[in-house]
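The values are calculated or read from the model by the stated rules, or taken from the named source; none is laboratory data. Please read these numbers as outputs of a predicted model, since none were measured by experiment. Every residue, glycine among them, receives a Cβ derived from its backbone with ideal geometry; neighbour counts consider all protein chains shown.
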Amino acid sequence: MQNTDCTFICEQFTEYQENSLSSEIRAQVDTHLASCSACREIFQKLTGVVETLHKLPSLQASTDFTSTLLSRIETLNQETVWQKIYSSSYSRVAGYAIAAGLIVAIGINILIDPISPIKPGVQSNYAGEKINPDPRTESLAEVSDSSANQPADSLTLQNSPINSQNQSMQLVSGKK
């Protein structure tokens, strides 16, 4: 449409098709359509749509259609909000999305901060440090040997140096 005249003419389409326009306005529409190809094309397309709709077969509703429809509407109005949400397909999709998000979040959390096993009797301050409630220092042998506190301990700490090429290492027990 090119201007306000075109807009006015196109607004008259339904009444023009139904022959319900006054003779003065109908003559104005006819004159405009004769000179404006854009409006004429719109009118031809709309006329084709209307003709196609008139060719469609008519539908016959059952005799109890109205009462069935009204009872269905009444049933829907009586549903609670939670029933409407539960029966909605969007709620299932949202539930799956939330579950997937939680799984991804837990997976990322495990990758970033893996859970390390804590020995019994050792507390954690949640900052990665382990707090040992027993103030005495354990020796390397006691930490790594499960039978360190048993009388027949097979691991003993020897006070002899270990020599290798140009280096020497002395193992020292933490006990006093």
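Evaluate the following for T52: is it at pLDDT 90 or above, surrounded by 11 or more Cβ atoms within 10 Å (Cβ to Cβ), under 30 Å from E15 (Cα atoms) and not charged (D, E, K, R)? For T52, the condition - at pLDDT 90 or above, surrounded by 11 or more Cβ atoms within 10 Å (Cβ to Cβ), under 30 Å from E15 (Cα atoms) and not charged (D, E, K, R) - is not met. Residues that are in contact (Cβ under 8 Å) with a residue 24 or more places away in the chain, among the polar types (S, T, N, Q) and closer than 17 Å to C10 by Cβ do not occur anywhere in the range 25-37.
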